[in-house]
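All remarks here apply to the structure that follows.
The values are calculated or read from the model by the stated rules, or taken from the named source; none is laboratory data. Because the structure is predicted, anything quoted here is derived from the model rather than measured. For neighbour counting, all protein chains shown are included, and Cβ atoms are generated from backbone atoms with ideal geometry for every residue, glycine included. Note: accessible area is taken over every heavy atom of the protein model, side chains too, but ligands, DNA and RNA are not part of it. Shrake-Rupley method; radii C 1.70, N 1.55, O 1.52, S 1.80 Å.
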Amino acid sequence: MSTPNTHLGYCEIGNIMNAAIGKNIHFIGAGGIMMSSLALLTHKLGYDVSGSDRSDGALIKKLKDAGIRISHVHEAKNMSEDCAAVVYTVAISEDNPEYVEAKKRGIPCISRADYLGYIMMGYRQRIGVAGMHGKSSCTSMCAEIFIGYGKRTGEHPTIISGAEYAAMDGAYYLGDTQNFLFEACEYMDSFLDFNPTVAVLLNADLEHIDYFKNLDQIIESFGKYANLTGEDGYAVVCADDENIMRSVQNYKGHIVTFGIDREADFQAKNIKNTCGAQEFDVCVNGEFLTRVTLPAFGRHNVLNALAAFAASYICEISVQDIVNGLASYTGAKRRMEHKGSLGGACVYDDYGHHPTEIAATLSGAREFCSGRLICAFQPHTYSRTLALIDDFESAFKCADTVIFADIYAAREQNTQNISSKMIADRLGEKGIYAGDFEAVAGAIKSIVRPEDMVIVMGAGDIYKVFGMLDLE
């Protein structure tokens with residue numbers, strides 16, 4: 001059973017944090033991308049910070065290098081005598097020994113979402129990027145724009161992202177109290193604990209079916225998130241996404257639309273693919289404003305860039321700063337991140353795990369691939385694979401070959417007897433079931449040819465394949 005997301009008010013959290021000055025704050029599940037950023041940010045604010053996580057990857061190393069004490073076993077003894085507050089992710093179980101010990105000792109427990117919501121309240125403008133797909137990419141584009149603007153003007157943003165980005169040298173960036181950029185995660189309605197002044201809504205479809213009952217509930221949740229801005233706030237919404245447009249039907253603030261296919265306040269026209277980039281006109285209210293160069297491929301990234309453009313424009317960032325920022329975009333980590341070459345083929349790493357994301361990424365890659373498009377894919381969670389198996393079958397239509405690793409279980413048990421092989425079989429000759437990572441790497445090496453493009457894709461631990469490929 002997941003830990004309950006017990007909502008605490010910002011004043012209550014403020015009192016807890018004031019009382020914790022000079023004492024310890026402990027992060028349960030500190031190895032996650034956003035939890036590690038919050039732990040580092042808290043450490044930089046001068047608090048004594050500790051944490052625990054079973055993993056031992058690059059993010060944990062970053063915490064340790066900063067002087068944060070990390071335990072790799074969840075135990076009650078990890079709670080120091082002077083622990084004044086606990087920050088936890090709802091992904092941990094309710095019987096987590098540290099969570100149980102904190103409750104036993106009466107130590108205040110703050111959910112990750114509540115804590116992030118509290119931190120952002122000290123900032124005048126709070127720009128939250130929400131959507132089932134593209135959040136990290138759009139947040140990274142916004143980061144590039146706002147960081148560049150800050151270097152020119154001295155108004156440096158604070159940023160909390162769900163992915164590492166080169167311009168931030170990680171997944172967070174500590175600035176002043178003017179602009180706060182954050183990635184707003186919809187899982188278990190976490191984003192309803194935030195307080196944006198500008199709510200960016202990229203897209204909405206059926207996802208996280210272990211929490212959301214149906215698409216109507218998802219659309220309702222996105223509507224609630226948008227209305228957190230209040231009547232003076234802005235909702236930046238995708239005109240091309242019917243579900244998102246439905247979600248803001250009862251929005252009380254100012255709606256700003258962006259899109260490609262449908263008329264919108266910010267619209268991309270005359271899209272042209274160049275070598276490793278896209279160029280397009282940005283038209284505002286039907287009038288040409290500027291031409292943009294974006295070093296990323298795919299229609300979905302044009303939409304992400306339009307959302308970043310509109311949000312930045314609302315926050316009074318100059319058009320030239322926006323254009324410069326988008327032109328400097330290098331891609332978030334694990335979002336079509338170039339890893340090297342194998343036998344003359346370019347190899348990429350991508351976080352995509354939902355059929356919509358897979359289809360969008362492969363469609364964009366197809367436009368730039370002169371040889372065969374080879375995808376190695378690890379499905380993420382049994383429940384998602386089972387619920388969306390028909391969509392997975394069609395998601396790979398742009399790939400020539402798809403090599404499947406076993407499903408990444410995450411927090412689940414395989415009670416439905418679902419497997420990656422079931423998807424591979426549905427794809428016929430282009431589907432290959434490999435299983436473990438060594439077999440996946442072997443399959444890639446056995447078929448790759450010069451001019452091919454290889455995309456290793458999934459939200460689990462399939463990135464381990466790269467260590468088995470001898471990339472140049």
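Give me D for the range 239-379 in µm² s⁻¹, whole number, from Stokes-Einstein with Rh from the Kirkwood sum over alpha-carbon pairs, 25 °C and 0.890 mPa s.
149
Given the range 1-109 reduced to its alpha-carbon atoms as identical point scatterers, what log10 I(q)/I(0) does the Debye formula return at q = 0.18 Å⁻¹? Summing over Cα pairs of the range 1-109 leads to -0.84.
Value of Rg to Rh for the range 203-253, rounded to two decimals, is 0.99; Kirkwood radius and Rg both from alpha-carbon coordinates. Residue ranking by accessible heavy-atom surface, 1.4 Å probe, largest first, among 411, 384 comes out as 411, 384. Rg and Dmax of the range 126-234, both derived from C-alpha coordinates alone, stand at 14.3, 47 Å.
With semi-axes defined as the square roots of five times the eigenvalues of the C-alpha gyration tensor, the equivalent ellipsoid of the range 56-157 measures 33, 16, 15 Å, largest first.
Set against the 2.2 N^0.38 Å expectation for a compact globular protein, the range 225-268 has a Cα radius of gyration ratio of 1.10. When the charge dipole of the chain is built from unit charges on Cβ atoms (+1 for Lys and Arg, -1 for Asp and Glu) and taken about the Cα centre, the candidate among 110, 374, 215 whose Cα reaches farthest toward its positive end is 110.
Since only 27, 361, 121 are under comparison, the one whose Cα sits farthest along the positive direction of the charge dipole of the chain, derived from C-beta charges on Lys, Arg, Asp and Glu, is 27.
For the range 105-183, the extents of the C-alpha atoms along the principal axes are 48, 29, 21 Å, listed from largest to smallest. So if the hydrodynamic radius of the range 226-318 is defined as the Kirkwood radius over C-alpha pairs, what does Stokes-Einstein give as its diffusion coefficient at 20 °C and 1.002 mPa s, in µm² per second? It diffuses with D of about 157 µm²/s by this estimate.
Normalised by residue number, the volume inside the convex hull of the Cα atoms of the range 342-428 is 96 Å³ per residue.
Based on protein heavy atoms only, the chain ends up with 40 Å² per residue of surface accessible to a 1.4 Å probe. Entry for the range 43-95 at q = 0.23 Å⁻¹: log10 I(q)/I(0) = -1.07, Debye formula applied to identical alpha-carbon scatterers, no solvent contribution. When you restrict to C-alpha pairs under 8 Å that are six or more residues apart and normalise by the size of the chain, the relative contact order lands at 11 percent. Once the gyration tensor of the Cα atoms in the chain is diagonalised, the equivalent ellipsoid follows with semi-axes of 33, 29, 21 Å, ordered largest first.
The fraction of Cα-Cα pairs per 5 angstrom bin, counted from 0 for the range 142-298, comes to 2, 9, 14, 16, 19, 20, 15, 5, 1, 0 percent, rounded to whole percents.
Per residue, the convex hull spanned by the Cα atoms of the range 387-472 amounts to 105 cubic angstrom. Counting only Cβ charges, +1 for Lys and Arg and -1 for Asp and Glu, the dipole size of the chain around its Cα centre is about 600 debye.
Shape index of the range 89-142: Rg/Rh, with Rg the Cα radius of gyration and Rh the Kirkwood radius from the inverse mean 1/r over Cα pairs, equals 1.12. The relative contact order of the range 99-226, computed from alpha carbon pairs under 8 Å that lie at least 6 residues apart in sequence, is 31 percent.
Rounded to the nearest 5, what is the percent of antiparallel bridges among the DSSP beta bridges in the chain?
30
Neighbours of residue 62, meaning other residues whose beta-carbon lies under 11 angstrom from its beta-carbon, give a summed charge of -1 when Lys and Arg score +1 and Asp and Glu score -1. Just so you know, the Cα atoms of the range 163-227 work out to an Rg and Dmax of 14.0, 40 Å. For the range 199-261, the set of GluC sites (Glu not before Pro) satisfying both a DSSP loop assignment and a count of at most 16 other C-beta atoms within 10 Å is given as 231.
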